[in-house]
Amino acid sequence: LRKVEGIGNEVVDQVSNWESIVDLPAELMRIKEFGAKVITQASSEYPKPLREIHAPPIVLYVWGEIQERDHHAIGIIGARRTTHYGSESAKKLSYQLAYAGLTLISGLARGIDTAAHQGALAANGRTIGVIGSGLSKLYPPENQALAEKIRNGNGAIVSEFSMEIEPDRQTFPMRNRIISGWSHGILVIEAGATSGALITASQALEQGRAVYAVPGHINAPSAIGSNRLIQQGAKLVMDANDILEDLQILLPETKPSPQAAARQLPPLSNDERRVYDAIEAAETLIDDIATKCNLPSATVSSTLLALELKRLVKQLPGKYFVKLA
C-alpha cells in the first residue's frame, strides 16, 4: 500500500492496525441486537446496478429485506424544506411509480424524501431508504416510525456505515451516490440553486443514469435548480408515464391480472360497478370518470367514497383516482 500513489502512511497504518480501531465482536453484536444484517458484493441481495458504479460500497447494512425486484428502481430527491406543491408532487409520482412496479429509493430525510417514501407505501409498493448514518443513529429521528413501516414488509433501510456512525457533511454525499447508482434514473422535485440534489443529479449522469425533473414556478427559489436541470436537458416530468415510457423497463409482474382482480371484488351496486369500471389502469381524473360512466357528478363523488371505504379505489392529489384491486 505504501507504494500506491496518493495513499499516505496514516491510511496504511490504519488499515494495518484495523483490529485496534474496530471492535468487530461488538459491532456484530450491535447488528444482531438491532435485527439487521450485512451483505457484501458477493451476496445475491446486493443491488446489481450498484456493482456497475465507481467505488461501490464494499458492504451494506440492511434493516429489512432487499428483493430481486428492487433492482428495478427510481430515485427521488429534492428539498428538505419543501412546499405543498413539491410534497404533493412527490407523493403522487412515487405512488404512480410504485404502483407500476418500480421500487422507490430516497434518503429518508425531511421534505421530498419523506413524501416519496409515503407515496410508495400508500401504493403498497416497495421503497428503500438509504441513510447517511449508521442504522442505530437514524436521522432525522422523527422518521423512526416511517423507517419501521418500510422495514416491516415494504422494503429496507440501508447504510454503508457501521452501526453507530453519526451523520455529517461527508456521509450524506456518500449516501447520495448509492441512491443514484442503485436507480435506473433520478427524479428531482424542488431543488434550489445550491441544493445538494443537484450534486446527486450530476453524480447520476456520471454513472450513466437518466435525470428527470418536475418543473416549478419560475419565481420560486425552491424551483431554481430543478428548472435549470430541465433547461440543461433533464426530461420534464408531469406524470409517471413520462418516466416509464422513457426507461422502457420490462418490470416484473407485481399486480394481479384484470381477470384475477375482478374475481376478488366484493358485491357492488350498479353505480359502483359503472364507476369502478370507468377508472383506467392508470390514475383517472374524477371528471373523466363522470363522463365515461354517464352519471351526475354528485353520484360519482358519493360512489367513489363508497369504493374508497371498501378499499377498492384511492384518491390521489388533484382529484385523481386509482384502483387498488
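For the range 293-325, how many residues are assigned to a helix (DSSP H, G or I) and farther than 27 Å from Gly101 by Cα?
Taking the range 293-325 and keeping what is assigned to a helix (DSSP H, G or I), we get 293, 297-309.
After this cut, where a residue has to be farther than 27 Å from Gly101 by Cα as well, the list is 293, 297-303.
Final tally of qualifying residues: 8.
Please pick out the residue among Ile218, Ile199, Ile230 that is over 19 Å from the mean Cα position of the chain (by Cα) and over 20 Å from Leu247 (Cβ atoms).
Exactly one residue qualifies, and that residue is Ile218.
Can you tell me how many residues in the range 197-225 are part of a helix (DSSP H, G or I) and more than 20 Å from Ala73 (Cβ to Cβ)?
Summing the residues that are part of a helix (DSSP H, G or I) and more than 20 Å from Ala73 (Cβ to Cβ) in the range 197-225 gives 6.
Any idea which of (1) modelled with pLDDT under 85; (2) farther than 19 Å from Ala123 by Cα; (3) surrounded by 15 or more Cβ atoms within 10 Å (Cβ to Cβ) is the one Leu324 doesn't satisfy?
(2)
Select from the range 45-54 the residues that are in contact (Cβ under 8 Å) with a residue 24 or more places away in the chain and either more than 18 Å from the chain's Cα centre (by Cα) or assigned to a loop (DSSP other than H, G, I, E, B) (or both) and write down the one among them that is nearest to Ala120 (Cα to Cα).
Selected residue: Pro47.
Would you mind stating whether Gly181 is in a loop (DSSP other than H, G, I, E, B), touching a residue at least 40 places away in the same chain (Cβ under 8 Å) and in the same structural domain as Leu102 (by TED's automatic domain parsing)?
Here the answer is no, as Gly181 does not meet what is asked.
Does Ala26 fit the bill of being over 21 Å from His184 (Cβ atoms), surrounded by fewer than 17 Cβ atoms within 10 Å (Cβ to Cβ) and not charged (D, E, K, R)?
For Ala26, the condition - over 21 Å from His184 (Cβ atoms), surrounded by fewer than 17 Cβ atoms within 10 Å (Cβ to Cβ) and not charged (D, E, K, R) - is met.
Quick check on my filter: what residues within the range 277-304 are at pLDDT below 85 and surrounded by fewer than 16 Cβ atoms within 10 Å (Cβ to Cβ)?
Selection gives Glu280, Ala281, Ala282.
The values are calculated or read from the model by the stated rules, or taken from the named source; none is laboratory data. Computed from a prediction, not measured in an experiment: that's the story for all the values here. Here Cβ is always computed from backbone atoms with ideal geometry, including for glycine, and neighbour counts include all displayed protein chains.
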